[in-house]
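Please read the structure below before turning to the comments.
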Amino acid sequence: MSKPGFVDGRHYATYVVEVRRLKRVGDLDGAKELLLRLVDATEAEASARGESWVALWYYEQLAIIYRKKKQPADELAILERYERQAKAPGTVPERLANRLAGLRPKANQ
């Protein structure tokens with residue numbers, strides 16, 4: 001069993017370069033799978049430390065990938081998942097809230 005916030009023995013924050021590399025070489029599926037694990041890790045760490053805020057970047061990157069792959073239902077789901085989380089002081093959650101607000105009318109069509 002790994003510690004909350006860790007994926008394969010590494011803290012989720014150490015994977016940013018790897019996610020960027022996967023996206024740069026066009027491995028969006030690999031980046032997506034890794035990001036899903038990292039989102040789980042940031043939520044587990046937040047829960048374990050008794051704080052409710054999570055790292056926005058991982059949700060945002062997943063939303064970008066889902067949009068590129070033309071998967072609006074998945075994009076909506078990850079943005080709604082982020083919306084349910086408390087926001088860290090100093091973050092800019094409005095970007096994702098605006099993106100979510102734009103997707104909801106399309107989802108209801």
Please find the FRET efficiency linking ARG104 to SER47, where r is the Cβ-Cβ separation and R0 is fixed at 25 Å, and quote it to the nearest 0.05. 0.40
Sorting SER47, SER52 on solvent-accessible surface, 1.4 Å probe, most exposed first, gives SER47, SER52
Taking 0.36 nm per residue of sequence separation and subtracting the Cα-Cα distance, how much length would be gained by fully extending the chain between ALA77 and LYS3, in nm to one decimal? 24.0 nm
Along Cα→Cβ, 7 Å out, is where each label goes; now give me the distance between the ones at LYS68 and LEU36 in nm to one decimal. 1.7 nm
Dipole in debye (nearest 20) - the range 1-78, about Cα centre, beta carbon charges: Lys, Arg +1; Asp, Glu -1: 340 debye
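The values are calculated or read from the model by the stated rules, or taken from the named source; none is laboratory data. Just so we're clear, the structure is a prediction, and the values are computed from it rather than from any experiment. Positions of Cβ are generated from backbone atoms using ideal geometry, with glycine treated the same way; all protein chains shown enter the neighbour counts. Surface accessibility is based on the protein's heavy atoms, side chains included, excluding ligands, DNA and RNA. Shrake-Rupley method; radii C 1.70, N 1.55, O 1.52, S 1.80 Å.
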